[in-house]
Amino acid sequence: MWPSVTSSDRGWLPTLTALAGVWLATATAVPAQKLITQEEALRLAFPEPARIERRTAYLSEAEREKARALAGAEVRLDQSIVTFYVASRDGQALGAAYFDAHRVRTLAEVLMIVVTPEAGIARIEVLRFAEPPEYMAPDGWLAQFEERPLDPGLSLKGGIVNMTGATLTSRAVTRAARRVLALHQVIQPLDRQPAEAGG
C-alpha cells in the first residue's frame, strides 16, 4: 500500500531516514557545498506552468525486497518510506523527482534524480556535495545517464564511463541512479496519479 500525501512543504526529505542520516551526521565535519535548493532543482526539471506534488510511498517488506533485487546486490536500499515529487501539466504526467542522500567516501552528497514517464533518467542534479569539490561529478559526466533505464548498462561495468580520479563519486552516483529507478519501478507513481492531479 502507498497512500499519497500532497504538501507544500519543500523541506529536506525526512522520510529517507537511513540515507539522510548519513548527510546529517557528516554535515558538520566539512562545510558542504550547497549548489542549488530543492525548489530550484524541481523548477529546473519541471518549469512553470507544470504542477508539482509531493507524495509519500510506504513500502512493504515484499516491495523493499523487490526494489533491492531490481537495484542489484551492490546497491544499499533500506528505506520503507519514500518521498518523491510528481509533475504534471494539463493532466499529463511529466515525470517524477527523487532526492537521494548518500555517502561518497566519508562525506555526503545529495542528488535530485528525475525519472521520465518511460522510466528512464531525465536528468541528475547535484544539490549538495561535502567531499572536496574536485571529486564532484560535472554536468558533462552526468549527462551520460540521460534516457538510461534500469538495465545492465546502468553500471560502471556497462555503459557508464568511470570518472577519472573520482571512482567513488562515479560509483555513488551510479548506485543512486539504480536505487531510484528500482524504487520508481516498484512505486509506479506515474500510473497512480490521483484524479485531482490534472491541470
Would you check if there is a residue in the stretch 136-149 being over 25 Å from Y85 (Cβ atoms) and aromatic (F, W, Y)?
-> no
Criterion: at pLDDT 95 or above, under 19 Å from L35 (Cα atoms) and surrounded by fewer than 22 Cβ atoms within 10 Å (Cβ to Cβ) - qualifying residue of E118, E125 | E125
Residues of the stretch 60-75 satisfying the condition of being crowded, with 16+ Cβ neighbours inside 10 Å, within 22 Å of A172 (Cβ to Cβ) and not β-branched (V, I, T) = R64, A67, R68, L70, A71, G72
Selected residue [part of a loop (DSSP other than H, G, I, E, B) and in contact with a Lys or Arg (Cβ under 8 Å, 6 or more places away or on another chain)] from E118, E131, E109 | E131
Restricting the search to the stretch 79-98, which residues are open to solvent by 10 Å² or more (accessible area, probe 1.4 Å) and in a strand (DSSP E or B)?
-> I81, R89, Q92, A93, L94
Scope the stretch 46-69; condition of a type in the set (A, V, I, L, M), under 21 Å from A122 (Cα atoms) and in a loop (DSSP other than H, G, I, E, B); matching residues | A50
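The values are calculated or read from the model by the stated rules, or taken from the named source; none is laboratory data. In this text the structure is predicted, and so the values were computed from the model without any measurement. So basically every Cβ, Gly included, is an ideal-geometry build from the backbone, and we count neighbours across all protein chains shown. Please note that ligands, DNA and RNA were not included when accessible areas were found on the heavy atoms of the full protein model with its side chains. Shrake-Rupley method; radii C 1.70, N 1.55, O 1.52, S 1.80 Å.
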